[in-house]
Amino acid sequence: MSETASRALPVQDARIYPRGGLDVLSRAEVARLRDASSGGMHELLRRCALAVLTSGSASDDPRAARDLYPGFDIQVLQQDRGVRIDLVNAPAMAFVDGEIIRGVAELLFAVVRDLAYTAIELGPEYADDLESSAGITNAVFGLLRNARILKPADPNLVVCWGGHSISRDEYIYTKQVGYELGLRDLDICTGCGPGAMKGPMKGATIAHAKQRRHTTRYIGITEPGIIAAESPNPIVNHLVIMPDIEKRLEAFVRLGHGILVFPGGVGTAEEILYLLGILLREENAGLPFPLILTGPTMAAPYFEQIDRFIRLTLGEAAAARYEIVIGDPVAVARKMSAGIKRVREYRIAQKDSFFFNWAIDVPLEYQQPFVPSHEAMAALDLHHGRPAHALAADLRR
């Protein structure tokens, strides 16, 4: 018996019927999902579906699930009454007494929905629409609207960034911050994975229950390469899969009303540089956008290094766009709540929507995917004297 076979876990076959927008897919859309006309779509669907069926997994190895469930497959079939999803050799952990867990089913439907939208609405025939900044922003808006994420309600959505592999103390701190945010009726949006992406949601669930909030949003925004390595945590109740990293980052910035940053790795540093580069643009100078870097006491040296690096490379103007709060979840929540109130007042005055930040200027250089390579890195202009927002764009890359 092979090592892969010996590690295989219990599996189950199932037929499930999506609800909502997926019951009105056209035959052409279903055909696209079945990989009839676009190479690679089925394998992408399979990888993303396997990730959500193993929701809650602590592994960050994209090969682990594929090794454990080598026989898994998914088919999207057209029925007279809509779409049927057939699962073959699906992870048994996604089922209870033979029935798929409702939250897992919702995440699975989200995968099919978003990949269908990307394949149909953002396919090769629409490539010209994605050559302009406005066209890319419209694509981000369309994806979020199709996912039914955009809600015309008072601003209350806090985006939380941070590492997926963090210490126990750091994780507990993210839960404490999430709890304080939840007590103040704030919802949570993260990258949907474990660690600093799960902790704030977990803390907020308790606070929302204490406040008797019945309509809550725990939004996870990811992209195909990330979700394969970081399965969604089980608290996520709204999942969106963006086509690439840049559209994912723009979705965070336009959807959220404030951003918290917990300790993380290079991905977290990239997110900080992305946001600061946008906020440093002259077009965004007067735009209120609460940004707080926070962590437990043990994280103080980490943020000192981040702060020193930002001041050295981007200057004091960049440092003025964020606050650092160490070891004080209550202060973090109070500052964020106050910042979001300022966002509300600004958007009322500017007649901008609460559910999507149209006013913030995101230039094309922040929207176009960047393929890292030795040649591409060597071509970057990393020198003092450049405009801070342009330097931040290259530092992120």
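Considering every Cα-Cα pair within the range 322-397, what fraction, in whole percent, is farther apart than 20 Å? Summing the P(r) tail past 20 Å for the range 322-397 gives 59 percent.
Spacing of the modelled spin labels on residue 102 and residue 351, each 7 Å from Cα toward Cβ, amounts to 4.2 nm.
Whole-Hz Karplus values for the range 202-216 come out as 5, x, 5, 4, 5, 5, 5, 5, 5, 8, 6, 8, 9, 10, 10 Hz, taken residue by residue from phi with 6.51 cos²θ - 1.76 cosθ + 1.60 and θ = phi - 60°; glycine and proline positions read x. Counting beta carbons within 10 Å around each of 55, 353, 337 and listing the fewest first gives the order 353, 337, 55. The residues neighbouring residue 324, those whose beta-carbon lies less than 13 Å from its own, together hold a net charge of 0 under the Lys/Arg +1, Asp/Glu -1 convention. Please identify, among 288, 372, 234, the residue showing maximal mean-square fluctuation in a Gaussian network model of the chain using a 10 angstrom Cα cutoff. Most flexible of the set in this elastic network: 372. Stokes-Einstein diffusion of the range 143-226 at 20 °C, 1.002 mPa s viscosity, Kirkwood radius from Cα pairs, rounded to a whole number: 164 µm²/s. Ordering 54, 137, 190 by the number of other Cβ atoms within 10 Å of each residue's own Cβ, fewest first, gives 137, 54, 190. Based on the Kirkwood approach, the hydrodynamic radius assigned to the range 177-258 is 12.8 Å, with every pair of different Cα atoms included. For the chain, the relative contact order is 17 percent, taking Cα pairs closer than 8 Å that sit 6 or more residues apart in sequence and dividing their mean separation by the residue count. Residue separation of residue 297 and residue 88 scaled by 0.36 nm, minus their Cα-Cα distance, works out to 70.5 nm of gained length. The count of lysine pairs in the chain that are at least 8 places apart or cross chains, and whose C-alpha atoms lie under 28 Å apart, stands at 29. Packing-based ranking of 98-107, 155-164 yields 155-164, 98-107, ordered from highest to lowest mean Cβ neighbour count within 10 Å.
Tell me whether the range 263-397 comes out rounded, prolate or oblate; compute the Cα gyration tensor, take square roots of the eigenvalues as a ≥ b ≥ c, and use a/c under 1.5 as the rounded threshold. Oblate is the answer for the range 263-397, as a/c is 1.5 or above yet b/c matches or exceeds a/b. Each Lys or Arg adds one and each Asp or Glu subtracts one; over the other residues with Cβ under 15 Å from the Cβ of residue 188, this totals +4. Proximity of backbone amide H atoms, modeled 1.01 Å from N, is registered between residue 189 and 158, 159, 160, 219 at under 5 Å, excluding neighbours fewer than 5 places apart on the same chain. The overall shape of the chain is prolate: from the C-alpha gyration tensor, with semi-axes ordered a ≥ b ≥ c, the ratio a/c is 1.5 or greater and a/b exceeds b/c. Among residues other than residue 71 with Cβ under 12 Å from its Cβ, the summed charge is -1 (Lys and Arg +1, Asp and Glu -1).
Which residues in the range 281-297 place their backbone N less than 20 Å from a point set 7 Å from the Cα of residue 210 along the Cα-to-Cβ direction? Output list for this probe position: 295-296. Counting DSSP beta bridges in the chain, what percent are antiparallel, to the nearest 5? Beta bridges within the chain, antiparallel portion: roughly 40 percent.
For the range 197-326, the calculated P(r), taken from all Cα-Cα distances in 10 Å bins from zero up to the bin holding the longest distance, is 10, 38, 36, 15, 1 percent. When each of 302, 322 is scored by the number of other beta-carbon atoms lying within 10 Å, the sequence from fewest to most is 302, 322.
Anisotropy class assigned to the range 284-355 is oblate, per the alpha carbon gyration tensor with a/c at or over the 1.5 cut-off and a/b no larger than b/c.
Laboratory data are not the source of any read-out in this text; all were calculated from the coordinates shown. Just so you know, these numbers come straight off a predicted model, no measurement behind them. Here Cβ is always computed from backbone atoms with ideal geometry, including for glycine, and neighbour counts include all displayed protein chains.
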